[in-house]
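First comes the structure, then the notes that go with it.
The values are calculated or read from the model by the stated rules, or taken from the named source; none is laboratory data. Worth saying up front: this structure is predicted, and the values here are computed from it rather than measured. Every residue, glycine among them, receives a Cβ derived from its backbone with ideal geometry; neighbour counts consider all protein chains shown. Surface accessibility is based on the protein's heavy atoms, side chains included, excluding ligands, DNA and RNA. Shrake-Rupley method; radii C 1.70, N 1.55, O 1.52, S 1.80 Å.
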Amino acid sequence: MNVDSRIHGFCKFIVPMVLLFGVLIRCFAYFRNLSFWGDEACLALNVINKKSYMELFKGLDYLQVAPPLFLVFSKALYQFINPVSVYVRDLTFRIIPFLAGLASIPCFYILLKMMIKNNFSKIVGLIIFVFNTTTIIYCAQFKQYSLELLISILLMIIFYKIIFKNKYKWYYPLFIALAPWFSLSSLFIIGSYLSVILFKNPKILLKICIPFLLSFIIFYLYTLKPVSDYNYEGMYNWWQNGYGFVSLVHPLRIAIRFGELFSFNKIIAEMIGIFMLVMTICSAVFINNESIQKKSFLYLPIILTFIASALKLYPIEARLIMFLFPLFVISISEYNLKFRKCILTLACFISIITSIYYTINPYKFYTSAREIVHYVEMRIEKNEKILLDDAFHRYYYYIKNKSDVVIINEGCGEKYTEICNNKIELLPKGVYYFMLKNNPKLKLTDKVSVIDEYNLYSSVIKFEK
């Protein structure tokens with residue numbers, strides 16, 4: 001038996017195992033059903049509080065942006081199931097990201113088989129994709145990124161068939177036209193590949209462009225423009241202050257953001273990001289046997305996204321470039337320079353270790369808001385109040401009878417300052433349960449008397465004024 005036959009046999013064994021473990025680890029993340037964190041709660045509050053479906057097509061509150069049809073289907077699912085408890089409600093909101101995360105695995109493997117012929121590279125690509133921290137975590141969170149990843153992969157499959165296999169189905173233009181309504185980031189994929197088709201197969205361009213342009217005009221007028229008018233300034237300030245854009249002044253930022261797809265620790269993310277980015281660049285620059293169209297297919301969406309980020313039109317946080325992850329993975333898998341097998345094996349090892357670790361220890365997102373609220377609601381008595389700071393959304397989402405008991409202490413944020421104490425000192429006399437992300441007990445004004453304290457990942461301090 002020659003080497004190719006052994007690798008082919010090993011591929012037949014390992015691929016189903018990787019697919020199975022990919023499904024199992026995502027099921028574990030979903031059914032563990034961690035408490036909502038800030039952005040999840042903000043998005044869920046929009047879906048719950050917006051009275052009509054049409055309101056979901058406009059700008060959202062709390063600096064949230066999400067594809068309109070993702071929101072519409074989420075609201076429809078929520079109303080249909082009508083969950084009986086907050087625990088079931090969390091599972092309900094996360095159904096679409098979960099199913100999209102599961103579906104992305106076999107879809108990516110289809111794309112992988114189309115674009116890569118070498119069996120070892122296929123296995124590497126599948127492992128890196130399946131065992132990835134970000135793709136696992138976001139299939140168990142109420143955010144759109146898992147769906148955007150799936151839409152991105154499906155678009156890549158469709159465009160690859162059109163560009164390289166001259167295959168065309170009547171429903172391809174329909175799917176391309178509808179994609180932005182489910183995935184805002186799909187515009188980078190569509191724009192890149194339409195430009196490739198322009199040079200590769202211009203005859204088919206009109207069949208795709210006409211329905212897409214009609215859909216995009218409606219999408220722009222009824223969703224993109226209202227959302228931009230409502231949220232652009234706030235989102236720009238948020239991402240600018242949070243180093244979310246590509247900048248020549250900070251050359252390592254791209255590596256860090258790339259590494260954050262694998263790790264939440266900044267130093268580890270930087271090391272992994274540099275390693276993976278070097279492999280990607282080597283594949284792009286030194287593999288000369290690929291056609292210009294193939295290289296354009298792999299790297300044009302990445303380049304377009306990073307240009308948009310440099311123009312401060314699109315941030316490059318890990319979750320926001322997750323739709324590009326299939327292209328990164330394929331490029332890494334095609335690394336073919338010195339120590340190829342050792343380096344690719346190391347890439348697989350990094351992916352497996354980091355994904356399992358952060359799936360078990362998702363400290364970045366877990367703030368125990370559901371558990372904290374339950375703790376307080378089991379103890380709060382008549383005339384006692386709940387006090388929240390600027391990070392109130394995660395707790396507000398879980399609290400019952402909000403208008404009767406909740407006081408939002410605006411201006412008192414994650415960095416506990418004297419402003420917070422001044423506001424607390426102005427509160428009426430009474431007993432309060434102060435819910436917040438970090439424990440400020442040592443900084444809390446001495447004008448109040450602490451009665452009790454409970455810490456999980458969040459804190460609640462019971463005090464009397």
(message) In the range 434-465, whose amide N lies under 19 Å from the spot 7 Å out along Cα-to-Cβ of ASP404? List them in ranges.
(response) 434
(request) Starting at the first residue of the range 457-463, write each ³J(HN,Hα) from the Karplus equation 6.51 cos²θ - 1.76 cosθ + 1.60 with θ = phi - 60°, in whole Hz, x for Gly and Pro. (result) 9, 9, 10, 9, 10, 8, 9
(message) Contact order normalised by length for the chain, with contacts defined as Cα pairs under 8 Å and 6 or more residues apart; what percent is it?
(response) 17
(message) Taking amide H atoms as placed 1.01 Å from N in the peptide plane, list the residues 5 or more away in sequence, or in a different chain, whose amide H sits under 5 Å from that of ASN201.
(response) none
(request) At most 12 other Cβ atoms within 10 Å and a DSSP loop assignment: could you name the GluC sites (Glu not before Pro) in the range 349-421 that fit? (result) GLU381, GLU410, GLU414
(message) How high is the relative contact order of the range 66-149? Use alpha-carbon pairs under 8 Å, at least six apart in sequence, and give a whole percent.
(response) 40
(message) For LYS75, give me every one of the lysines with a C-alpha distance below 20 angstrom, ignoring sequence neighbours fewer than eight places off in its own chain.
(response) LYS50, LYS51, LYS58, LYS143, LYS400
(request) Give the cross-link partners of LYS167 among the lysines, using a straight C-alpha distance below 22 Å as the criterion and excluding same-chain residues fewer than 8 apart. (result) LYS113, LYS117, LYS200, LYS203, LYS207, LYS294, LYS295
(request) Tell me which residues come under 5 Å, amide H to amide H, from LYS462 once H is placed; ignore anything under 5 positions away on its chain. (result) PHE434, ILE451, ASP452, GLU453, TYR454
(message) How large a share of the accessible area of the range 266-395, in percent, is made up of carbon and sulfur atoms when the probe is 1.4 Å and the other protein chains stay in place?
(response) 68
(message) How large a share of the accessible area of the range 24-148, in percent, is made up of carbon and sulfur atoms when the probe is 1.4 Å and the other protein chains stay in place?
(response) 69
(message) Suppose all protein chains stay in the model; what accessible area per residue would a 1.4 Å probe give for the chain, in Å²?
(response) 47
(message) I'd like the accessible area for ILE272, computed on protein heavy atoms only with a 1.4 Å probe and all protein chains in place. Round to 10 Å², please.
(response) 10
(request) Give me the percent of DSSP beta bridges within the chain that run antiparallel, rounded to the nearest 5. (result) 65
(request) Using only alpha carbon pairs under 8 Å that are at least six residues apart, calculate the relative contact order of the range 1-130 and give it in whole percent. (result) 36
